[in-house]
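> Could you have a look at this structure, given as structure tokens, before my questions?
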Amino acid sequence: MSEPRDQIREHARRLLDEGKVEVIIGYEKGSVPLQSTPCFVRDADNVERLIWDSTCGPNLAKYLFDREGKTGIVAKACDARSIVVGIVENQIEREDVVVIGVPCEGVIDLKKIDAVLDGKEILEASMDNDKVSVKGDGFEQILSKKEFLCDSCISCRHRNPPVYDILAGDELEETKESDEFEEISKLEAKSPEERWNHFSKELGKCIRCYACRNVCPLCYCKECFVDETMPSWCGKTTDLSDTMTYHIIRALHIAGRCVDCGACSRACPEDIDLRALTKKVEKIVRELYDYEPGLSLEELPVLGIFEQDDPQEFIK
Amino acid sequence: MILRSSSNRSVVLKMKEKTIEKKDLSGFIDSLLEEYQVFAPTIAEGIPRFDRISSSTQVSLDSPKLERSPKEVFFPQCETLFTYQLIDGKMTMEEPPALESERVLLFVRPCDVKALTLMDSVFTSWEPKDTNYLDKREKTIIVGRACSRPWSTCFCTSLGVDPFGKEGMDLVFEDIGDKYVVEALTERGGKIIDGSSLFKDAEKKDLENLKEVSKKATEAIRSELDVKEIEKKLKAIYDDSFWGKVSEKCVGCGVCSYLCPVCHCFDVQDEGTELKGKRVRIWDACQYPIFTLHASGHNPRTSSRERIRQRMMHKFSYFIENFGELACVGCGRCIKGCPGNMDIREVLTGIMATEAD
Amino acid sequence: MRSPYTPSLTVVDKIISENDVNDIKTFQLAFKDQDAAKAFKYTPGQFSEISLLGVGECPIGIASSPMDEDYIQFTVKKVGVLTTSLHNCVEGDVVGVRGPYGNGFPTDIMEGRDVVIVGGGFAFTTLRSLTKYILHEANRKRFGNLTVVYGARNPGELLYKYDLEAWGERDDLNLVVTVDKGDDSWTGKEGFVPAILKETSPSSENAVMVVCGPPAMIRFTIPVIEELKFQPENTYISLEMRMKCGIGKCGRCNIGSKYVCKDGPVFSFDELQVLPKEY
């Protein structure tokens, strides 16, 4: 079996040649070591630009919303789950999309690598299955990829895309090595004051750039509540009350929809622990409804439907 | 009026170079703190940025990544324009007080000082001047720092910025190993080192070292771009399909604008009730869809195509028309900050390579 | 050093409802401070940043004439946050005013020449300022023939009915008022502004035209302007863009290298020809 990357290229070429899609959305090598960048291929001669490796972090499902025409998309498991949510929420037409699913062992978190390099800048990097070698002025280091995966990849339970048209690469065995909600449990064990301090410190860093919202495929509202002015729900300043309102409401708005792809955390220029909110919300939804979003095209969004036996302890 | 050390009104002095041992730097900074409010590169919650310091121990000169631009020292992300209050049926408004004394901003890179002089153009070239910005700018002594360690994303030299340039600085520190060569460029800059025994006259050897270091740093900048006459090129390709392609991956967040040392767009908002509150200005960004949205619903820039084009046109064409300079200093912050790794160097190369269709 | 962002306070003296559906009102404001009143010198076509403290600020064209010394007027359509709150104001309420800003209409260029004013719908506000200014007895002789073509969707939408009535009785202007569709009591013209302008056929010789209106009206009026042989350098338009600061700093109202707040809002057609069509 050839590499997933070669399979992606092969499928992309065929889909374009046969006119099945107008564009393939995938990843290409970025301009900075260990970064990939979204890539839109319209010409079969350009499929060689497409790559697949552990740098393919951005959730490409983002680009399917509001798109017209037949589109092929390279989707790792969490991207595919976002696409499923988009389809069940009637934002994406299933028949307009050809999903090239890719089983994924996790993407690397550049911030974690930067942290161990202590200020040394990576000028060159290469990767194989489980190693990342980085080179810079006067240093060369080989790192174990596993130690530098994104937090959302470490706790990932769905490495295989639940829905796809074509699978590039072999299905992976799902792992349950660690407790998915370990970090959340640690936060829950803290006193309210400690938790408040944690959230104040983290959300206090927010610069309101909205990178978290804008890279999130499920933040597709035509007008986000923070941008609404009549009435104005949330102040636009960087005061803690405003940044908290923004992040808490966003987390609630993606409750039962967030697939924990981690794109928001990777995009945040201030390294805010955004998953402390979103993963907690995911946990609540799991506990209340035993539901995980983005796994089935048949299941309607859990907070979009009502059933007689829905938990209602909160109604006092 | 205090003399400002910007490009167009600088008082250029030729003073003899001094040196200071690196081990004496903290002593110098602490002596400054006795007299001035001092801002310097620090690390706050893992993010290197310019902030007010109370001790030399807070200064971080070897941050693990490029620090945030110092624009927030003059143009804070969120700034009160005035407060208001209704007292006994009478509405009173109060502006924040002007700075009482001079401040010192330490160790700013040449690209960032250049960026400040560009921001000066916007905020202070025509009436009415932006008094909030001007007050901070006029009362801040700029201590530059020659950039002996460029990052891989730096491309300042392609845009005419010299990593050892001194434009806009009052005083400059140039790292030559175990000491700094220090040069006062204005009287204000000279004033803060005058009388300090920590500074010695530079020796011939120090200046030779400096030449060597400066040459090495300039050579270390890897990116070379040709943006000659880019403003003409941009005009020619305004309607080109290039913009549709290049903007496709932009998700419309504000990272590039907020990290940019030159971007100066802002929004004005009221915080409070009709009885009491404040009017604030907050950074804003041209990549947000609502930036130009009219109350009527009409929007002259409906998609990322128009918005990316606006960003590039503003920096590389409109700014030249208005002020004769580019509104980009090649610091590369937007490159590493962009969640989609949109690289302004590639966009520029793409612009130069596009033949109008 | 006073900040340019701090408004002067005014009091709402009078509120006039301008149309049947009551979503356009004229607010007559008087400065609380006499020095501020004296300092507020403007020309027709300029605008102010109008604010309600606690709500916000927005740019509004000045509807009164510089010759109206005791007050300033702004005609406001209820569309957004600020304008909706403004519509809820009553006489005696306090309103902040910054400005005047922008370049205004080129009254100096108009001197000694015929002036043709063409307006449609709500955009007539600053044209009313210009008309009043030219008609003032101290100014009228400085200008040649004055033609005003003004149209609205229906009679109920016509602004400044009190002015239109008074102007209709004067013999020193050619006032042509039209509505897209009349009602039972309407005895005036019916038809769209471009057609009525063509029918009115003002001479372009030694004349200046000023046109303001909704985009569709402008689009169909341009061929008529060309047909009437008004040269681009003698034809002016006032543009609207979203603004915040009003003084060329906040960076959002640009069209190409020009800021509508500072370099406009009034542009000649030949100035616009070299600017991108991004408005």
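> May I ask you to list the residues in segment A:260-279 that are in contact with an Asp or Glu (Cβ under 8 Å, 6 or more places away or on another chain) and more than 14 Å from every other protein chain (Cβ to nearest Cβ)?
A:D260, A:R275, A:A276, A:T278, A:K279
> Based on what the data block shows, is A:I73 more than 14 Å from chain B (Cβ to nearest Cβ) and outside any helix (DSSP H, G or I)?
no
> Conditions: (1) part of a strand (DSSP E or B); (2) crowded, with 17+ Cβ neighbours inside 10 Å. C:L86 meets all but one. Number of the miss?
Condition not satisfied by C:L86: (1).
> Still on this structure, please answer the following. Looking for whichever is away from chain C (no Cβ under 14 Å) and in contact with a Pro (Cβ under 7 Å, 6 or more places away or on another chain) here; the options are B:C328, B:C253. Which one fits?
On the way: B:C328 fails: in contact with a Pro (Cβ under 7 Å, 6 or more places away or on another chain).
Result of the check over B:C328, B:C253: B:C253.
> Spot the failing condition for B:D170; the list is (1) closer than 30 Å to B:G272 by Cα; (2) in contact with a strand residue (DSSP E or B) (Cβ under 6 Å, 6 or more places away or on another chain); (3) of a type in the set (D, E), and only one is missed.
With respect to (1) closer than 30 Å to B:G272 by Cα; (2) in contact with a strand residue (DSSP E or B) (Cβ under 6 Å, 6 or more places away or on another chain); (3) of a type in the set (D, E), B:D170 is out only on (1).
> Then there is this: Which numbered condition trips up C:V208, out of (1) within 12 Å of chain B (Cβ to nearest Cβ); (2) touching a Pro at 6+ places or on another chain (Cβ under 8 Å)?
Exception for C:V208: condition (1).
> Sticking with this one: Filter segment B:145-178 for residues that are closer than 22 Å to B:K18 by Cβ, outside any loop (DSSP other than H, G, I, E, B) and touching a helix residue (DSSP H, G or I) at 6+ places or on another chain (Cβ under 6 Å) and give the result.
Result: B:L171, B:E174.
> OK, next. Can you tell me which residue within segment B:268-278, out of those that are surrounded by fewer than 21 Cβ atoms within 10 Å (Cβ to Cβ) and of a type in the set (D, E), is nearest to the other protein chains (Cβ to nearest Cβ)?
B:E274
> Take segment B:90-104 and flag every residue that is assigned to a loop (DSSP other than H, G, I, E, B) and surrounded by fewer than 16 Cβ atoms within 10 Å (Cβ to Cβ).
B:P96, B:P97, B:A98, B:L99, B:E100, B:S101
> Right, here's the next one. Conditions first: (1) part of a helix (DSSP H, G or I); (2) surrounded by 14 or more Cβ atoms within 10 Å (Cβ to Cβ). A:E95 passes all but one, so which condition is the exception?
Going through the list (1) part of a helix (DSSP H, G or I); (2) surrounded by 14 or more Cβ atoms within 10 Å (Cβ to Cβ), A:E95 breaks only (2).
> From the residues in segment B:339-357 that are of a type in the set (A, V, I, L, M, F, W, C) and either more than 9 Å from chain A (Cβ to nearest Cβ) or under 17 Å from the mean Cα position of the chain (by Cα) (or both), which one is farthest from B:D162 (Cα to Cα)?
B:A356
> With C:Y133, C:Y150 as the choices, which residue is outside the structural domain of C:P44 (by TED's automatic domain parsing), without any contact (Cβ under 8 Å) to a residue 60 or more places away in the chain and within 15 Å of the chain's Cα centre (by Cα)?
The unique qualifying residue is C:Y150.
> Out of (1) part of a loop (DSSP other than H, G, I, E, B); (2) touching a helix residue (DSSP H, G or I) at 6+ places or on another chain (Cβ under 9 Å); (3) at negative phi, the odd one out for A:D260 is which?
Of the numbered conditions (1) part of a loop (DSSP other than H, G, I, E, B); (2) touching a helix residue (DSSP H, G or I) at 6+ places or on another chain (Cβ under 9 Å); (3) at negative phi, the odd one out for A:D260 is (3).
> Taking segment C:1-38 on its own, how many of its residues are under 19 Å from C:R153 (Cβ atoms), free of Cβ contacts under 8 Å to residues at least 24 places away in the same chain and not in a strand (DSSP E or B)?
1
> Given the options C:T178, C:T221, name the one that is polar (S, T, N, Q), over 30 Å from C:V81 (Cβ atoms) and either within 13 Å of another protein chain (Cβ to nearest Cβ) or without any contact (Cβ under 8 Å) to a residue 60 or more places away in the chain (or both).
Only one candidate qualifies: C:T178.
> Tally time: how many residues in segment B:284-315 are more than 9 Å from chain C (Cβ to nearest Cβ), among the aliphatic types (A, V, I, L, M) and outside any helix (DSSP H, G or I)?
Counting residues in segment B:284-315 that are more than 9 Å from chain C (Cβ to nearest Cβ), among the aliphatic types (A, V, I, L, M) and outside any helix (DSSP H, G or I) gives 1.
> If you don't mind, there's one more thing I want to ask. Please work out if A:E228 is over 14 Å from the mean Cα position of the chain (by Cα), surrounded by fewer than 22 Cβ atoms within 10 Å (Cβ to Cβ) and either in a helix (DSSP H, G or I) or away from chain B (no Cβ under 14 Å) (or both). Give the derivation first.
Numbers: over 14 Å from the mean Cα position of the chain (by Cα): yes; surrounded by fewer than 22 Cβ atoms within 10 Å (Cβ to Cβ): yes; either in a helix (DSSP H, G or I) or away from chain B (no Cβ under 14 Å) (or both): no.
Taking the combined requirement at face value, the residue does not satisfy it.
> Take the residues in segment B:126-143 that are outside any loop (DSSP other than H, G, I, E, B) and without any contact (Cβ under 8 Å) to a residue 40 or more places away in the chain; name whichever of them is farthest from the chain's Cα centre (by Cα).
Here the answer is B:T131.
> If you go through segment B:60-82 one residue at a time, how many are buried (at least 17 other Cβ atoms within 10 Å of the Cβ), acidic (D, E) and within 24 Å of B:F155 (Cα to Cα)?
Total satisfying the criteria: 2.
> Can you tell which of C:F124, C:F105 is of a type in the set (F, W, Y) and under 19 Å from C:I50 (Cβ atoms)?
One residue alone meets the criteria, C:F124.
> Another one. Got a sec? Which of C:G104, C:G120 is under 24 Å from C:K244 (Cα atoms) and surrounded by 20 or more Cβ atoms within 10 Å (Cβ to Cβ)?
Being under 24 Å from C:K244 (Cα atoms) and surrounded by 20 or more Cβ atoms within 10 Å (Cβ to Cβ) holds for just one of C:G104, C:G120, which is C:G104.
> Okay, moving on. Looking only at segment C:207-266, count how many residues are surrounded by 23 or more Cβ atoms within 10 Å (Cβ to Cβ) and among the polar types (S, T, N, Q).
Count: 4.
> Looking at B:T157, B:T124 in this structure, which one is of a type in the set (S, T, N, Q), within 14 Å of another protein chain (Cβ to nearest Cβ), crowded, with 17+ Cβ neighbours inside 10 Å and more than 30 Å from B:L275 (Cβ to Cβ)?
Being of a type in the set (S, T, N, Q), within 14 Å of another protein chain (Cβ to nearest Cβ), crowded, with 17+ Cβ neighbours inside 10 Å and more than 30 Å from B:L275 (Cβ to Cβ) holds for just one of B:T157, B:T124, which is B:T124.
> Then there's this: For segment B:180-213, which positions are of a type in the set (D, E, K, R) and farther than 27 Å from B:R103 by Cβ?
Of everything in segment B:180-213, those that are of a type in the set (D, E, K, R) and farther than 27 Å from B:R103 by Cβ turn out to be B:D201, B:E203, B:K204, B:K205, B:D206, B:E208, B:K211, B:E212.
> Does C:E278 count as surrounded by fewer than 20 Cβ atoms within 10 Å (Cβ to Cβ), in contact with a strand residue (DSSP E or B) (Cβ under 7 Å, 6 or more places away or on another chain), outside any loop (DSSP other than H, G, I, E, B) and at negative phi?
Spelling it out, it is not the case that C:E278 is surrounded by fewer than 20 Cβ atoms within 10 Å (Cβ to Cβ), in contact with a strand residue (DSSP E or B) (Cβ under 7 Å, 6 or more places away or on another chain), outside any loop (DSSP other than H, G, I, E, B) and at negative phi.
> Only one of these is in a loop (DSSP other than H, G, I, E, B) and on the phi < 0 side of the Ramachandran plot: C:F74, C:F122, C:F105. Name it.
C:F105
> On the basis of being assigned to a helix (DSSP H, G or I) and either facing chain C (nearest Cβ under 9 Å) or over 25 Å from the mean Cα position of the chain (by Cα) (or both), does B:R281 make the cut?
no
> A further question on this structure: Which one is nearest to the other protein chains (Cβ to nearest Cβ), of the residues in segment A:55-70 that are within 22 Å of the chain's Cα centre (by Cα) and surrounded by fewer than 22 Cβ atoms within 10 Å (Cβ to Cβ)?
Applying the filter and picking the extreme gives A:Y63.
The values are calculated or read from the model by the stated rules, or taken from the named source; none is laboratory data. As the structure is a computational prediction, the values presented were derived from the model and not from experiment. All Cβ positions, even for glycine, are placed from backbone atoms using ideal geometry, and neighbour counts span all protein chains on display.
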